Amino acid sequence: ETGVTQTPRHLVMGMTNKKSLKCEQHLGHNAMYWYKQSAKKPLELMFVYSLEERVENNSVPSRFSPECPNSSHLFLHLHTLQPEDSALYLCASSQDLVGVGTGELFFGEGSRLTVL
Amino acid sequence: GENVEQHPSTLSVQEGDSAVIKCTYSDSASNYFPWYKQELGKRPQLIIDIRSNVGEKKDQRRAVTLNKTAKHFSLHITETQPEDSAVYFCAASGTGRRALTFGSGTRLQVQP
């Protein structure tokens, strides 16, 4: 058990729906991340939070809206998504930002999103 | 920003053979190079990493090498076993960076 849990594990939604992905880390880490994993593509960084403050938004469309209410929880709010947004969304945490600390990311098991 | 390229995209070897996965990076300021393993349906997990102050690091059957001049690094797995079958991702980062930049992954299949 890595200490990073994501819910739901699977989500199917229509293009007009609004849903949210949740991530919780039990490791006492200060940094949290959202990555998108599509077939045959690199893990794409979406958002980075450090101590609940967003420090990076990697040119992500506004239909993805992150929220970090505290250092243990991270959400990704989804609305009016497109079929090409179907992917595995991975949450990760690290003790500090990668460039500051040891660098190791602890991933959750991901939320598999299908947009119809 | 940083760009990491990874080759090959797929690799099939016989059990007991060696496997080598190669990555190149673009930013000469990068100084941290981890490797993650993702088994089917599982989360990526760190298996080994190297920092730019060393040229090689070994951990049992795995070794990573780094050539800073050429800006490339490699993962070597010796005496492969079926449980080595997975997707392997290389990544790079550096001081002042906020996150890792990942390569596109290599699907390794070890045939028994």
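The values are calculated or read from the model by the stated rules, or taken from the named source; none is laboratory data. This one's a predicted model, so the numbers in the text were calculated from it and none came from an experiment. Reconstructed Cβ throughout: ideal geometry from the backbone, glycine too, with neighbour counts over all protein chains shown.
Points worth noting:
- From the list B:Q109, B:Q45, B:Q60, B:Q38, the one residue that fits, being surrounded by fewer than 12 Cβ atoms within 10 Å (Cβ to Cβ) and under 16 Å from the mean Cα position of the chain (by Cα), is B:Q60.
- Residue under evaluation B:A29, criteria (1) part of a loop (DSSP other than H, G, I, E, B); (2) within 16 Å of B:F73 (Cβ to Cβ); (3) in contact with a strand residue (DSSP E or B) (Cβ under 6 Å, 6 or more places away or on another chain), criterion not met: (3)
- Only one of the numbered conditions (1) more than 13 Å from chain B (Cβ to nearest Cβ); (2) of a type outside the set (G, A, S); (3) exposed (fewer than 13 other Cβ atoms within 10 Å of the Cβ); (4) touching a residue at least 60 places away in the same chain (Cβ under 8 Å) is violated by A:H79, and that is (3).
- Of all residue pairs spaced 6 or more apart or on separate chains, those with beta-carbon atoms under 7 Å, a first member in the stretch A:28-40 that is in contact (Cβ under 8 Å) with a residue 24 or more places away in the chain and a second member that is charged (D, E, K, R) are A:N30/A:D96; A:A31/A:D96; A:Y35/A:E44; A:K36/A:E44.
- With respect to being at pLDDT 95 or above, closer than 22 Å to B:S104 by Cβ, crowded, with 18+ Cβ neighbours inside 10 Å and within 14 Å of chain A (Cβ to nearest Cβ), B:Y32 falls outside the description.
- Qualifying residue in the stretch A:23-42 (condition: modelled with pLDDT of 95 or more, crowded, with 17+ Cβ neighbours inside 10 Å, over 24 Å from B:S30 (Cα atoms) and among the charged types (D, E, K, R)): yes
- Candidate set from the stretch A:82-116 (those that are touching a Gly at 6+ places or on another chain (Cβ under 6 Å) and part of a loop (DSSP other than H, G, I, E, B)); member that is farthest from the other protein chains (Cβ to nearest Cβ): A:L116
Residues are listed down the side, and each one gets a yes or a no for (1) free of Cβ contacts under 8 Å to residues at least 24 places away in the same chain; (2) part of a loop (DSSP other than H, G, I, E, B); (3) facing another protein chain (nearest Cβ under 10 Å):
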{"residue": "B:E2", "(1), (2), (3)": "no, yes, no"}
{"residue": "B:L11", "(1), (2), (3)": "no, no, no"}
{"residue": "B:G41", "(1), (2), (3)": "yes, yes, yes"}
{"residue": "B:I50", "(1), (2), (3)": "yes, no, no"}
{"residue": "B:K57", "(1), (2), (3)": "yes, no, no"}
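- B:T69 being in a loop (DSSP other than H, G, I, E, B), among the β-branched types (V, I, T) and surrounded by 18 or more Cβ atoms within 10 Å (Cβ to Cβ): no
- Residue in the stretch B:83-96 that is away from chain A (no Cβ under 14 Å) and of a type in the set (D, E, K, R) present: yes
- Inspection of the stretch A:7-19 identifies no residue that is touching a residue at least 12 places away in the same chain (Cβ under 8 Å), small (G, A, S) and either touching a Cys at 6+ places or on another chain (Cβ under 6 Å) or not in a loop (DSSP other than H, G, I, E, B) (or both).
- Among (1) within 13 Å of chain B (Cβ to nearest Cβ); (2) over 14 Å from the mean Cα position of the chain (by Cα); (3) surrounded by 14 or more Cβ atoms within 10 Å (Cβ to Cβ) - the single one A:L45 does not satisfy: (2)
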